[in-house]
1. Can you tell me which residue among 28, 54 is open to solvent by less than 80 Å² (accessible area, probe 1.4 Å), more than 30 Å from residue 162 (Cα to Cα) and in contact with a strand residue (DSSP E or B) (Cβ under 8 Å, 6 or more places away or on another chain)?
2. Does the range 268-279 contain at least one residue that is modelled with pLDDT of 90 or more, assigned to a loop (DSSP other than H, G, I, E, B) and open to solvent by less than 10 Å² (accessible area, probe 1.4 Å)?
3. Need at least 3 residues that are small (Gly, Ala, Ser) per element, so show me which helices (runs of 4 or more DSSP H) inside the range 311-375 make the cut, counting only ones lying wholly within it.
4. If residue 309 satisfies every condition in (1) hydroxyl-bearing (Ser, Thr, Tyr); (2) surrounded by 14 or more Cβ atoms within 10 Å (Cβ to Cβ); (3) within 27 Å of the chain's Cα centre (by Cα); (4) away from the ligand (no atom under 13 Å from the Cβ) but one, which is the exception?
5. List every residue pair whose Cβ atoms sit under 6 Å apart, with the two residues 6 or more apart in sequence or on different chains, where the first one lies in the range 352-381 and is within 26 Å of residue 165 (Cα to Cα) and of a type in the set (S, T, N, Q) and the second, anywhere, is near the ligand (Cβ under 9 Å from one of its atoms) and not in a helix (DSSP H, G or I).
6. Against the condition free of Cβ contacts under 8 Å to residues at least 24 places away in the same chain, open to solvent by 70 Å² or more (accessible area, probe 1.4 Å), within 10 Å of the ligand (Cβ to nearest atom) and outside any loop (DSSP other than H, G, I, E, B), how does residue 297 come out, does it pass?
7. Would you be able to tell me the number of residues in the range 170-198 that are closer than 20 Å to residue 101 by Cα and part of a helix (DSSP H, G or I)?
Amino acid sequence: MTATIGIDGKTAEYPVHQGSVGPEVIDIRKLYGNTGRFTFDPGFTSTASCESKITYIDGDQGILLHRGYPIEQLAEQSSFLEVAYLLLNGDLPSQTEHDEFKYLITRHTMVHEQLATFYRGFRRDAHPMAVMCGVVGALSAFYHDSTDIHDPKQREIACHRLIAKMPTIAAMAYKYSVGQPFLYPDNSLSYTGNFLRMTFGVPAEPYIINPVVEDALDKIFILHADHEQNASTSTVRLAGSSGANPFACIAAGIACLWGPAHGGANEAALEMLRTIGRPERIPEFIARAKNKDDPFRLMGFGHRVYKNYDPRAKVLGAAATKVLDTLGISDPVLDTARELERIALSDDYFIEKKLYPNVDFYSGIILSAIGFPTSMFTALFALARTTGWIAQWTEMMEDKEQKIGRPRQLYTGHPRRDYVPLNQRG
Ligand code: CMC
């Protein structure tokens, strides 16, 4: 199938590609050559930037598939490491493949001892995301032996290192901020259990893992593992398209994720719920969200792709109740969240604009119940999303059609003009 595009009375045919599911895509790569025109699509609302086999989203139906598997099934039945394997390799692992992968990741959990010195250069009150950007970028200095992106073996080692070391790095960022000693990983624990111990344990006594907390956090990691070509993933791909090493690319992804419109929304959502404080104040905040002159938005609501309930929010809404019940925590924030969701979903403004709770709406309530400070929320998102970033980066590196990413622009600045010496300017 082709699409005909005509400009200045001249038409040309452009190939239309059909994915395995989802909308068809018009291949406009020859458009500039044929017409001397670019397309204009700020925010990439109508542009597919790459071909990918990893994640599929149907935003209208509220469907999210990883390598074909629905996110709800993965969240309920799988583990984060299994999902990491799936994203990286394309299929669920056999028992042997699973055990080998777990062994590989486990053997990379420690970080270079000198990295601890690196942390000490940060202020104690540094935001964990600032620390993560710096430390992950610095990994390329510590693990230079896996930065040759043209060597598939080195690429693989770098991927394993990143997935394995991220929990250690995030836990160290937390420990540094509270002034407690860093804990070495304990490889007898699960990926998530080990992270919990490195974060909340102390060297002076054994750390007992609560299985409900471990399970809830593992679910949160699964739900954040990948999400197609979102802003931070596109950042990782764009950084990688120039041939930058994977540690530098993931650091770029972390920087992008930090923004409140993206990964920073979980922190902002909980802060918003706490500011609202009690259900009676909800109408005031709904009115602010609808007011065009007020920059306030309901954090944890709305999504570029989902025009239906974000399937990840559904899983987390249920998990929030379970975790709070198990831990015996009665947090009025959960009541405020449920009431806010109820009111917003019956309000014409939110119905018309198809604004539903997204993954960040309930995750903060769970993370806070587990004991994480809000400043750690986005760092946890980065920890989990590293798997998706790495899978997407690897896919790009193996793509024969991969080129350096170089968008064009609609220039609306001055046309050519001559330099006027300083003493002659009016
Ligand atoms: N509260 C109130 N109004 C909203 C909201 C909201 N949360 N989100 C979108 N709108 C309105 C917006 O004002 C606009 O109205 P109009 O058409 O009258 O100008 C309309 O809905 C479309 O919004 P948009 O900003 O053009 O949509 P977008 O696709 O560019 O933005 C978004 C998507 C996620 C940035 C946005 O919905 C938002 O800022 N949400 C709050 C932040 C948030 O929760 N982010 C987490 C996203 S999920 C996790 C992740 O992937 O990182």
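1. None of the others qualify; the one that does is 28.
2. Scanning the range 268-279 turns up no residue that is modelled with pLDDT of 90 or more, assigned to a loop (DSSP other than H, G, I, E, B) and open to solvent by less than 10 Å² (accessible area, probe 1.4 Å).
3. On the way: elements: 311-326, 332-345, 348-352, 360-370.
Once the helices (runs of 4 or more DSSP H) in the range 311-375 are filtered for at least 3 residues that are small (Gly, Ala, Ser), what remains is 311-326, 360-370.
4. That leaves (4) as the condition not met.
5. Note: pairs meeting the criteria are 378/263; 378/264.
6. So residue 297 does not fit the description; no.
7. Going through the range 170-198 one residue at a time, the tally reaches 5.
Conditions tested, residue by residue: (1) at pLDDT 95 or above; (2) more than 22 Å from residue 358 (Cβ to Cβ); (3) in a loop (DSSP other than H, G, I, E, B).
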{"position": "19", "(1), (2), (3)": "yes, yes, yes"}
{"position": "38", "(1), (2), (3)": "yes, yes, yes"}
{"position": "46", "(1), (2), (3)": "yes, no, yes"}
{"position": "50", "(1), (2), (3)": "yes, yes, yes"}
{"position": "53", "(1), (2), (3)": "yes, yes, yes"}
{"position": "57", "(1), (2), (3)": "yes, no, no"}
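The values are calculated or read from the model by the stated rules, or taken from the named source; none is laboratory data. None of the values given here were measured: they were computed from a predicted structure. Please note: Cβ atoms are built from the backbone with ideal geometry, for glycine as well, and neighbour counts cover all protein chains shown. Heavy atoms of the whole protein, side chains included, go into the accessibility calculation; ligands, DNA and RNA do not. Shrake-Rupley method; radii C 1.70, N 1.55, O 1.52, S 1.80 Å.
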